[in-house]
Amino acid sequence: MLRGKFKPGYISLILWRIVRPRAAMADVQTGLILIAEAMDTQEDSLKPRPAIRAAAFSVHIFTAFGAAIALLAMLEAVREHWAAMFQWLGVALIIDAIDGPIARRLKVKDVQPNWSGDVLDLVVDFVTYVFVPAYAIVASGLLLPVAAPLLGIAIIVTSALYFADLRMKADDNHFRGFPALWNAAAFYLFLLHWPPLWSTLLVAALVVLTFVPFHVLHPVRVVRLRWLTMSLIAIWAVLGLYVLEMDFRVGTGVTIVLCAIALWISFSDALIRLARSFA
């Protein structure tokens with residue numbers, strides 16, 4: 001009786017039912033492998049070429065050179081070669097002005113996502129805009145001797161906090177408060193060469209203004225009256241080079257023009273808003 005139940009047809013049917021799921025599973029596995037290989041191939045095709053990656057990373061290197069320039073400026077400051085210090089800080093300012101447009105042009109953020117250009121820029125800006133100028137302000141004898149080290153510490157601490165503030169820029173690209181431009185502040189202290197008491201009060205006021213929510217013009221990113229701002233910046237750059245060439249021994253006219261440009265950068269937004277409120 002048992003022998004009759006297990007005929008060859010039944011055996012073939014049983015084997016077919018056993019083998020078919022295994023064959024189907026093998027087909028599924030093969031399909032998944034093919035899909036994965038196709039995705040890997042597509043991903044590889046989307047990766048930027050080594051030359052493009054190298055070009056993008058070279059922008060980060062260019063930005064980092066600003067910190068090296070800060071070291072050269074610091075060496076000149078230690079020697080009390082103030083004009084040479086500001087010349088090096090000017091080179092760092094040029095690097096800071098052009099590395100951003102180059103990075104956006106080469107899409108560095110997409111090509112080199114593991115390197116943060118924003119963080120790198122903040123690191124370099126801190127040493128060039130804050131640390132080296134703070135040393136110059138403290139060590140130059142422009143401030144009252146008792147207040148100089150305390151104000152130097154205040155400059156470093158408040159500027160570090162300012163750089164970490166996510167609200168440092170308004171929606172229209174104006175800076176909120178005094179934007180820790182201590183390289184510019186130091187330049188004007190050397191240019192004006194006020195009595196130590198006046199210079200001390202000015203530095204103390206700028207420290208406080210760091211956290212006062214008035215708007216300071218960003219010379220490049222603010223769209224409103226950009227043509228005027230850029231023209232004034234060009235004039236400032238020419239006169240600034242002249243001042244450094246003359247080691248800060250310039251006439252009253254040059255000083256007045258440079259101070260007027262600084263006032264426009266600092267308070268033009270407040271004046272425009274005030275004028276509109278009366279219109």
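The values are calculated or read from the model by the stated rules, or taken from the named source; none is laboratory data. Keep in mind that what you see is a predicted model, and the values were worked out from it rather than measured. Backbone-built Cβ (ideal geometry, glycine too); neighbour counts: all protein chains shown. With ligands, DNA and RNA removed, areas are computed over all heavy atoms of the protein, side chains included. Shrake-Rupley method; radii C 1.70, N 1.55, O 1.52, S 1.80 Å.
What to note about this one:
- Test: residue in region 174-197 that is free of Cβ contacts under 8 Å to residues at least 24 places away in the same chain and among the aliphatic types (A, V, I, L, M): no
- Within the option set Val157, Val123, Val127, Val132, being open to solvent by 50 Å² or more (accessible area, probe 1.4 Å) and either under 19 Å from Thr63 (Cβ atoms) or among the acidic types (Asp, Glu) (or both) holds for one residue only, Val123.
- Within region 193-206, considering residues that are under 26 Å from Ile272 (Cβ atoms) and either among the small types (Gly, Ala, Ser) or open to solvent by less than 50 Å² (accessible area, probe 1.4 Å) (or both), the one nearest to the chain's Cα centre (by Cα): Leu206
- The single condition from (1) closer than 23 Å to Ile265 by Cβ; (2) free of Cβ contacts under 8 Å to residues at least 12 places away in the same chain that Pro113 fails is (1).
- Filter result (in contact with a Leu (Cβ under 7 Å, 6 or more places away or on another chain) and either farther than 16 Å from Phe65 by Cβ or in contact (Cβ under 8 Å) with a residue 40 or more places away in the chain (or both)) within region 87-110: Gln87
- Qualifying positions in region 223-249 - open to solvent by less than 50 Å² (accessible area, probe 1.4 Å) and in contact (Cβ under 8 Å) with a residue 40 or more places away in the chain: Gly240, Val243, Leu244, Phe248
- There is no residue in region 163-174 that is out of contact with any Asp or Glu (no Cβ under 6 Å at 6 or more places or on another chain) and surrounded by 19 or more Cβ atoms within 10 Å (Cβ to Cβ).
Residue by residue, here is whether (1) open to solvent by 30 Å² or more (accessible area, probe 1.4 Å); (2) part of a loop (DSSP other than H, G, I, E, B); (3) modelled with pLDDT under 90; (4) among the small types (Gly, Ala, Ser) holds:
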{"residue": "Leu161", "(1), (2), (3), (4)": "yes, no, no, no"}
{"residue": "Phe178", "(1), (2), (3), (4)": "no, yes, no, no"}
{"residue": "Phe187", "(1), (2), (3), (4)": "no, no, no, no"}
{"residue": "Leu191", "(1), (2), (3), (4)": "no, no, no, no"}
{"residue": "Pro213", "(1), (2), (3), (4)": "yes, yes, yes, no"}
{"residue": "Arg221", "(1), (2), (3), (4)": "yes, yes, yes, no"}
